[in-house]
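Student: The following block contains the structure, expressed as structure tokens.
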Ligand SMILES: C[S@@+](CC[C@H](N)C(=O)[O-])C[C@H]1O[C@@H](n2cnc3c(N)ncnc32)[C@H](O)[C@@H]1O
């Protein structure tokens, strides 16, 4: 990676993570209006949804779970899950994100796998599944890729935790993945939606979300 990197600490339950990030993107804090678009690769920004999801994971028991993160960017939730003893596969369409996540995870002393995955071509990832838990932070902003992701999740994991800062585009997709067993926690503008598969299935088995035609 050619970009100059800068280090920052992010506070999590269980201790801070020291994260390397492209210096130009570190000057772009995600703390203003929700619908902004940084002039930087999206993976390189520290999005508040990624921080919120990492905090949710760090405060939960994920020991032994098979966890996959989609659109991981800097991958804080993946590092938090690996710290908690999960077996983590972190994915993003952009290989540069994965290169930096490998480096940040190694510096934190945790092990995880990284794979380049585009939600439109998920076959290789599906072969690695099923997973117990899928994580995704601020990935539902562009309708066509969001539809790919929403179609992929039920095939991939028994439960998904999706962090969303209240994007208008995200609402129908979250509704499509929700069942009566969905729960949520909100901190600031970010809501973490815990979306279990609708069937009563033990962890480790492929889940079946109800995807009806009301939303997408
Ligand atoms: C807004 S950023 C969020 C990054 C990270 N989850 C966070 O919260 O910090 C969206 C991420 O989704 C990834 N992404 C966008 N479209 C994708 C696609 N079709 N397949 C896989 N990843 C994608 C981008 O590369 C980027 O890392």
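Read-outs throughout are calculated quantities, based only on the coordinates presented, and are distinct from any laboratory measurement. Everything quoted here is computed from the prediction, not taken from an experiment. We place every Cβ from the backbone using ideal geometry, glycine too, and count neighbours over all the protein chains shown.
Student: Most exposed first by the Cβ proxy, i.e. fewest other Cβ within 10 Å, how do 187, 198, 78, 25 rank?
Tutor: By the 10 Å Cβ count, ascending, the order reads 187, 198, 25, 78.
Student: Report relative contact order for the chain in percent, whole number only (criteria: Cα-Cα under 8 Å, sequence separation at least 6).
Tutor: 16 percent
Student: Let me ask something else. Where does each of 193, 115 land when they are ranked from fewest to most other beta-carbon atoms within 10 angstrom?
Tutor: Details: 193 19, 115 14.
Lowest count first: 115, 193.
Student: Here's another thing I want to ask about it. Per 0.36 nm of contour for each residue apart, how much would the distance between residue 151 and residue 11 grow if the chain were fully extended, relative to their Cα-Cα spacing?
Tutor: Here the answer is 47.1 nm.
Student: Mind ranking 46-56, 166-176 by how tightly packed they are, going by the mean number of other C-beta atoms within 10 angstrom, highest first?
Tutor: 46-56, 166-176
Student: Calculated FRET efficiency, residue 23 and residue 182, Cβ-Cβ r, R0 45 Å, to nearest 0.05?
Tutor: 0.70
Student: Report, in degrees rounded to the nearest 10, the 0 to 90 angle that the Cα long axis of helix 143-156 makes with the longest principal axis of the chain.
Tutor: Helix 143-156 sits at roughly 70 degrees to that axis.
Student: When DSSP assigns beta bridges and you keep just the ones with both residues in the chain, what percent turn out antiparallel, to the nearest 5? Write out the running numbers ahead of the final one.
Tutor: Details: 17 of 34 bridges.
The antiparallel fraction comes to roughly 50 percent.
Student: While we're here: Choose one answer from 38, 165, 122: the residue with the largest mean-square fluctuation in a GNM of the chain with alpha-carbon springs under 10 Å.
Tutor: 38
Student: When the distances between all Cα atoms of the stretch 1-106 are binned every 5 Å from zero, what whole-number percent does each bin get?
Tutor: Here the calculated profile for the stretch 1-106 is 2, 13, 24, 25, 20, 10, 4, 1.
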